[in-house]
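I have placed the structure first, in the form of structure tokens, so that the comments after it can refer back to it.
The values are calculated or read from the model by the stated rules, or taken from the named source; none is laboratory data. Every value quoted in this text rests on a predicted model; they were computed, and no experiment measured them. For neighbour counting, all protein chains shown are included, and Cβ atoms are generated from backbone atoms with ideal geometry for every residue, glycine included. Quick note on the areas: whole protein, heavy atoms, side chains included, nothing else; ligands and nucleic acids left out. Shrake-Rupley method; radii C 1.70, N 1.55, O 1.52, S 1.80 Å.
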Amino acid sequence: KSFKSMNYTGPPWIHDLLNKKLWTNIEAKRRTDWSNFKDQDSFALIRDPKERIMSAWKSKVTCDTYKEINQHKGMVPQLLKLAGPSSNITARTDKGFPCLDLSEYLTVLSQIHAQGREGLLNGHFLPQHLGCFKDVPPSMWTVVTTISGPNALCSLKSVVTKSANMSNTDDDCQIMIKTHNYTRSVDLSRADEVILDRITSKEYEMLGQYLNDA
């Protein structure tokens, strides 16, 4: 019921597992021992890799805003630091806060990937195959779905309550029906598209079948 009351334009964030109002009776902790993972029920929410990269720019890095976003002063310097001194990209500061235009942002990500440092990226930019799937591949999870998957909510409920009903034709099985598609609403140059293809290729290789099923 708490999911149904969310408007998805602000807090509480669905990925905030420490939010007790949203995730009732769920104790979140970082897992370090994966040895018995296959013996437990599990649920993973994934997102289209390109959509995720573009969304992170829009909410954390963009210069296309008239006021500072909460994450700017932390996220932008972190990205540039990871890119290293050889990067020819510097943050814009003419608006009173550090930010990156889209092409510069993608170039910085490309430079980080080229140096093999993508595993050090903040979770908002970290490729999904280097998150939880680094230790346990998607095939070993009970459920892998997108937030807009037709059975996402029923699948989550079945895992939490350990029931067998993971699918239903009822509309109530959807956590979220529509998501904003940033890749379609932003003009990408051919160079931008090439970078996006390159830095997300491994994610699509691992998650493609699950994205298509959702």
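General remarks:
- So residue 149, is it crowded, with 20+ Cβ neighbours inside 10 Å, touching a helix residue (DSSP H, G or I) at 6+ places or on another chain (Cβ under 8 Å) and of a type in the set (Gly, Ala, Ser): yes
- Residue within segment 175-192 that is outside any helix (DSSP H, G or I), touching a Leu at 6+ places or on another chain (Cβ under 6 Å) and either modelled with pLDDT of 65 or more or surrounded by 11 or more Cβ atoms within 10 Å (Cβ to Cβ) (or both) present: yes
- Matching residues, segment 134-174, being hydrophobic (A, V, I, L, M, F, W, C), in a loop (DSSP other than H, G, I, E, B) and modelled with pLDDT of 80 or more: 136, 141, 147
- Residue list for segment 7-35, filter: at pLDDT 80 or above and open to solvent by less than 60 Å² (accessible area, probe 1.4 Å): 34
- Taken over segment 108-124, the residue count meeting the criterion of being touching a residue at least 60 places away in the same chain (Cβ under 8 Å) and either part of a loop (DSSP other than H, G, I, E, B) or not hydrophobic (A, V, I, L, M, F, W, C) (or both) is 4.
- Test for residue 96: is it of a type in the set (Gly, Ala, Ser), over 24 Å from residue 190 (Cα atoms) and at pLDDT 90 or above: no
- Summed over segment 35-80, the residues that are of a type outside the set (Lys, Arg), over 16 Å from the mean Cα position of the chain (by Cα) and not in a helix (DSSP H, G or I) give a count of 13.
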